[in-house]
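The values are calculated or read from the model by the stated rules, or taken from the named source; none is laboratory data. As the structure is a computational prediction, the values presented were derived from the model and not from experiment. Cβ placement follows ideal geometry from the backbone for every residue including glycine, while neighbour counts extend to all protein chains displayed. Areas reflect the complete protein model, heavy atoms only, side chains present, ligands, DNA and RNA absent. Shrake-Rupley method; radii C 1.70, N 1.55, O 1.52, S 1.80 Å.
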Amino acid sequence: MKRKLNDQVSSDENEFLDKLHKIVAVILCWITMLIGIVPFTYGQGNTISKELSGQLKNQTSQFKLYYPKSVKRYYHQNGFQLIWIKNKNEAKQTWEAMMLLDCVLQFGLSHADYHPQELIYDNLRTMINNPEKVPVGAQARFDVLLTDAIITLINHLHYGKLNPEFSSKKIDGINKTTGFNAVVELTKSRLEPDFMAAILTAQPKSKAYVDLQNYMRLVKGQYVGDCYQTPESEVRIIAINMERLRWAESYTKQTGNKTLPYLTCEIKDGLPVFHKDVRHLDASLEAAMYPAIKHKPLKIKALPLPDIRLKKE
């Protein structure tokens, strides 16, 4: 009798354990399914906010930003969320921003000034298509650098790269919505259906500038790879005159005082006409815009520009 009782208890225990195993298996199955169907959140919500805020506060990470105050203002107004690292269905403007940086030669600017060592297409592609493979810190860093690059481009298109009246430090300190402000311009541009065209409205509107810019677009865009070839020396003269025209227009808009730009090149009947550099200013500006050391960061050392002025003789 005792043996039969023990056998019955053992049978009941086995049945209980079998049921328990089945219940655990079902629970594990549901957990696995839930993990599989929950989408990966870019930046992981609060984690990315803390990461972005921390990076923007960290002085050791700020030294690589050309407009740190502007970048911080932009993320602050967006709740410290990722701007560019989106899923592939929402990344249209991200790719357009990268394309703009690829085309800076068409505006007489240099790739080296827009974080080319860090803003790499393959890295961005991984962040967009397989974000789980990239640490949150790396996503935040890429996002911040791309924001800084676009803000830098907006300022370069409007004020010029080496404007003697409006330095990058002075521009970075502008936080009012009156006048021209790169943070405001970027915010507005992201609401437009044509993001790239909206960014390019930062450029001067004068006929002299528009003509030079259209010709530069042909030289660095359409003519590349064709039978046409413009000497690099002429391309540089066109670029430095575009730079002077940016200075002149930004100076007029900000101060209300008109100034006559010193030009050594203009477009007539679709072709560039070069004038003698009677004030001997081209060499100094060319050296500043095209330093001998390649990939020289803008902030390492300020370039002396004693003979570059906006004012009339």
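Annotations
- In this calculation the C-beta distance from residue 81 to residue 271 is compared with R0 = 45 Å, giving a FRET efficiency of 0.40.
- Among 74, 151, 119 - extreme Cα towards positive end, dipole of the range 63-160, charges at beta-carbon: 74
- Carbon + sulfur, % of accessible area of the range 71-132 - ligands and nucleic acids excluded, 1.4 Å: 49 percent
- Classified by the C-alpha gyration tensor, the range 148-265 has an oblate form. Its axis ratio a/c, with a ≥ b ≥ c, is 1.5 or above, and a/b does not exceed b/c.
- Extreme residue, positive dipole direction of the range 225-290, given options 256, 274, 238 (C-beta unit charges): 256
- Sorting the segments 114-120, 66-72 by their mean number of nearby beta carbons within 10 angstrom, highest to lowest, gives 66-72, 114-120.
- Cα Rg, Dmax (largest Cα-Cα span) when computed across the range 41-154, Å: 13.4, 41
- Listed pairs 170/276; 72/220; 50/169; 72/170; 92/170 exceeding 23 Å between Cα atoms: 170/276; 72/220; 50/169; 92/170
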